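Please read the structure below before turning to the comments.
The values are calculated or read from the model by the stated rules, or taken from the named source; none is laboratory data. Owing to the predicted nature of the structure, the values given are computational and were not obtained by experimental measurement. So basically every Cβ, Gly included, is an ideal-geometry build from the backbone, and we count neighbours across all protein chains shown.
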Amino acid sequence: MTRRSRHDIEAFLEAGAEPIIGPALAGEPADGLSGELIGPWRLLRPIGEGGMSIVYLAERADGEYAAQVAVKLLRHPGRDTSLARRFRMERQILADLTHPHIARIVDGGVGETGWPYLVMEHVDGEPFTTWALRRPRAERLRAFRDVCAAVHHAHRHLVVHRDLKPSNILVGPDGAVKLLDFGIAKLLDADAADTGFTVPFTGTGLRLMTPEYAAPEQVRGEPITTGTDVYALGVLLYEILAGRRPYELAQAAPAEIEDRVCRRDPPPPGSGDPDLDTICLKALRKEPAARYAGADELAADLARHAEGLPVTARPATVGYRVGKFVRRNRAAVAGGLVVAMLATAFAISSVRQAAATARARDKAEDEALRATAVTGFLLDLFRAGDPRQAGTDTLQVADLLARGLDQADALAGQPAVQAEMRLVVGRAYSRLGRYPEGEAALRAGLAGPVAAAQGLTGQVELAENLLAQGRVEEAEAMAREAAARQEARGGPEDPATARAVGVWGATLAASGREAAAESLLVMAVGNLTRDGRPVDREALVIMNNLADIRIKLGKDAEARDLLAEILPRQREILGSDHYDVASTLNNLAVANRRLGDPAAAESLYVASLAIKRKRLGDDHPDVARTLDNLGIALGMQAKYDAAEENFMAALRIRERTLGENHPSVARNWNNLAVLMMRKGDDARSAAYSARAVAVGRAAETAPADMVGNLTNLAISSASLGRLDEAGAAADEAWRLAQSGTPPGHPVRAMALAGLAEVHLRAGRLAEADSAQTRVVALFAQRYGDHHPAVATAAVRTARLRLAQGRL
């Protein structure tokens with residue numbers, strides 16, 4: 001890609017939600033731009049159109065090279081900014097997806113007239129079902145497996161297509177399939193809580209979709225998952241097997257669509273092959289968890305069918321397995337060999353079943369022995385080190401854990417027991433806040449021959465450990481993989497899946513993608529409490545984490561209400577001094593503080609701190625977290641000495657347990673800087689801010705936190721008259737906010753506030769007023785007009801205007 005085209009694409013992505021073409025272009029007919037230049041491309045003729053866009057065949061017009069491409073343009077981009085956002089999202093999705101069966105992006109940007117464009121590989125082909133129904137069944141299914149491979153690739157990149165249908169899957173003359181049109185795709189990792197919108201019908205509303213291929217959860221407006229695409233693949237498979245769709249919905253009213261898709265089971269496709277019918281119907285199950293876990297599993301079952309092997313969609317009965325054996329060995333079972341082969345097959349099957357029973361018995365005995373070996377030495381030890389159990393002397397426990405590792409090292413002849421012991425010790429170390437030792441033990445355990453369930457649990461524990469160490473990217477990759485594997489193994493309603501998803505969500509929130517995290521956790525809570533299941537401890541943990549993320553999103557009142565709801569339930573089932581109760585009290589305090597009630601926050605922090613000290617001892621990073629939070633609430637009440645005492649206590653714990661260069665340590669220095677700013681001690685504020693910036697750089701702190709450190713350095717330096725230093729810090733903060741956080745993120749408002757302060761101190765009142773006005777707008781957009789952050793920013797704006805004589 002040329003430097004110019006990359007620049008155009010970046011400019012296109014950075015363009016805000018404002019209308020990006022003028023009214024004169026808004027009513028162009030479908031063929032009204034033929035012959036026009038868009039960037040370096042000459043539009044030849046329209047080759048496709050829909051409600052939101054027009055696609056032209058185009059050719060390279062600048063002589064750089066010869067190529068024909070498909071250029072996609074918004075139909076009316078100036079009328080609906082949500083379409084413009086979708087268009088930008090589609091470009092980003094395609095840029096991230098590289099697969100032989102996905103149409104690749106070639107170019108994109110904004111033309112000289114301001115018209116945004118997206119240039120894609122031109123696929124000269126026909127719709128998938130049109131092509132498939134003229135081909136032998138084996139060829140159809142081979143091509144369908146290629147479609148599954150493309151969809152699976154998208155899912156691995158957290159993209160759900162949401163509109164799989166024949167016209168979006170083209171087959172070229174060589175039989176190669178290409179997946180097109182990610183125009184309504186859903187990014188599971190998106191920075192918006194919901195990138196969809198509703199298309200109204202009479203009396204009801206349906207999500208943007210093609211009803212004939214829409215899954216029940218799409219029709220009902222429920223959360224979209226990879227299972228949504230699996231359902232659409234099931235409709236496509238049904239169509240190429242039966243020559244018709246499972247439901248005819250062309251003339252159906254919305255209520256009829258919902259009734260047929262959500263409540264009525266389709267008839268079998270009648271392919272003449274029971275296995276194919278069963279595979280197809282499994283993909284079309286009403287509940288996402290009952291379908292194939294992913295497009296790859298659907299393709300794998302079709303591959304097993306093609307090889308004559310039993311398919312997972314059918315129960316593995318003896319008769320079924322024998323029948324598959326006979327069909328795979330027709331030559332051998334011809335004539336008089338039929339009876340002998342059948343008898344042999346049944347005998348083999350019986351022997352296998354007996355062997356399987358013996359293996360299961362041996363495995364159970366082996367696991368019982370292993371469990372005895374592990375629990376006999378470590379179970380009490382683990383409970384002692386787990387903050388969810390009774391409090392204890394953490395130094396004594398750490399010493400015993402070290403001995404436990406020595407014992408594990410001596411078990412080389414029992415690798416499974418050795419691996420399990422290492423995982424248990426690693427978890428206990430992590431609970432004690434001894435993260436490096438915990439990481440080493442967990443990695444050693446995962447390297448051994450652990451059972452699948454234990455390995456996944458260990459992987460989630462390691463992701464939590466890495467997150468606690470501030471290694472967010474590593475933690476996210478680990479948690480995302482564990483969540484996908486756990487869901488494939490146990491389904492979305494498995495508590496282990498919810499726990500893995502919860503940790504994944506925490507990693508997303510830590511990297512500034514709070515909306516994506518919220519979406520994941522809402523889905524996890526829904527799965528755990530579906531069909532009237534009681535809200536148990538695991539669901540309460542996820543709900544508490546969800547409240548924490550909503551606080552980060554500025555949904556403080558929602559978070560407070562959710563926390564107030566779950567706290568009594570936690571006390572009821574866990575007891576009033578359980579660690580989970582302390583965690584909820586801490587988050588409830590944060591919500592109250594942000595809603596402008598630091599006194600209520602203070603009492604909640606004190607209650608949380610008492611439980612944490614009982615459970616964890618005085619020298620644990622989680623104790624430091626609550627001390628730090630308590631310092632903020634005290635500072636807001638002008639209790640400066642008490643606030644500083646708490647901040648310094650938290651800092652000492654963090655430096656001892658996490659090291660001097662950790663994101664939490666940088667955050668601690670920054671909070672001290674803010675406290676000094678409140679006191680009017682600009683010199684100490686500047687010194688603490690400089691320290692926060694230095695530690696943040698060394699720790700590779702997340703952009704959102706680093707922006708706060710730089711902004712406070714800018715404000716305190718400006719107060720001291722060091723305007724060059726202040727300007728450099730404010731400029732860096734603003735650049736980092738733009739590159740490291742999504743549009744509308746409150747960190748952007750923070751960086752703008754820093755710029756406004758520097759402009760004010762330098763006497764540039766108009767520039768200060770402009771920046772501060774944007775601060776108010778961003779906070780209002782994020783939090784609503786009545787949030788304390790909006791009121792504070794508005795007061796500052798008023799003071800600026802008073803200084804200009806405008807009030």
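Descriptive notes on the structure:
- Picking from residues in region 489-540 that are of a type in the set (Ser, Thr, Tyr) and in contact with a helix residue (DSSP H, G or I) (Cβ under 8 Å, 6 or more places away or on another chain), the one that is modelled with the highest pLDDT is Thr507.
- Residue-level analysis places Thr529 outside the set of residues that are buried (at least 24 other Cβ atoms within 10 Å of the Cβ), closer than 20 Å to Ala500 by Cα and among the polar types (S, T, N, Q).
- Scanning region 263-313 for residues that are hydrophobic (A, V, I, L, M, F, W, C), at pLDDT 90 or above and assigned to a loop (DSSP other than H, G, I, E, B) gives a single hit, Leu284.
- Hey, Ala737 within 26 Å of Ala510 (Cβ to Cβ), at pLDDT 75 or above and out of contact with any strand residue (DSSP E or B) (no Cβ under 9 Å at 6 or more places or on another chain) or not: yes
- Taken over region 429-457, the criterion of being crowded, with 22+ Cβ neighbours inside 10 Å and under 24 Å from Ser664 (Cα atoms) is satisfied by Tyr429, Ser430, Arg431, Leu432, Gly433, Arg434, Tyr435, Gly438, Ala441, Leu442.
- Listed conditions (1) aliphatic (A, V, I, L, M); (2) modelled with pLDDT of 85 or more; (3) in a loop (DSSP other than H, G, I, E, B) are all met by Ile224, apart from (2).
- All told, Arg560 meets the bar of being within 26 Å of the chain's Cα centre (by Cα), within 27 Å of Gln781 (Cβ to Cβ) and basic (Lys, Arg).
- Some residue of region 238-256 being crowded, with 19+ Cβ neighbours inside 10 Å, in a helix (DSSP H, G or I) and of a type in the set (Phe, Trp, Tyr): yes
- Residues of region 683-717 that are assigned to a helix (DSSP H, G or I), out of contact with any Ser or Thr (no Cβ under 9 Å at 6 or more places or on another chain) and among the charged types (D, E, K, R): Arg691, Arg697, Asp705.
Conditions tested, residue by residue: (1) more than 35 Å from the chain's Cα centre (by Cα); (2) in contact (Cβ under 8 Å) with a residue 24 or more places away in the chain; (3) surrounded by fewer than 19 Cβ atoms within 10 Å (Cβ to Cβ).
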| site | (1), (2), (3) |
| --- | --- |
| Arg722 | yes, yes, yes |
| Ala753 | no, yes, no |
| Leu760 | yes, yes, no |
| Val776 | no, no, no |
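- The residue that is surrounded by the fewest Cβ atoms within 10 Å (Cβ to Cβ), among those in region 586-606 that are in a loop (DSSP other than H, G, I, E, B) and in contact with a helix residue (DSSP H, G or I) (Cβ under 8 Å, 6 or more places away or on another chain), is Gly596.
- Within region 621-659, tally of residues that are more than 21 Å from Ala601 (Cβ to Cβ) and in contact (Cβ under 8 Å) with a residue 60 or more places away in the chain: 2
- Filter result (more than 20 Å from the chain's Cα centre (by Cα) and more than 24 Å from Ala300 (Cβ to Cβ)) within region 164-182: Ser167, Leu170, Gly172, Pro173, Asp174, Leu180, Asp181
- Qualifying residues in region 130-140 (those that are closer than 14 Å to Tyr238 by Cβ and surrounded by fewer than 22 Cβ atoms within 10 Å (Cβ to Cβ)) - the one nearest to the chain's Cα centre (by Cα): Arg140
- Within region 545-556, if we keep just the residues that are assigned to a helix (DSSP H, G or I) and within 16 Å of the chain's Cα centre (by Cα), the residue that is nearest to Val747 (Cα to Cα) turns out to be Lys552.
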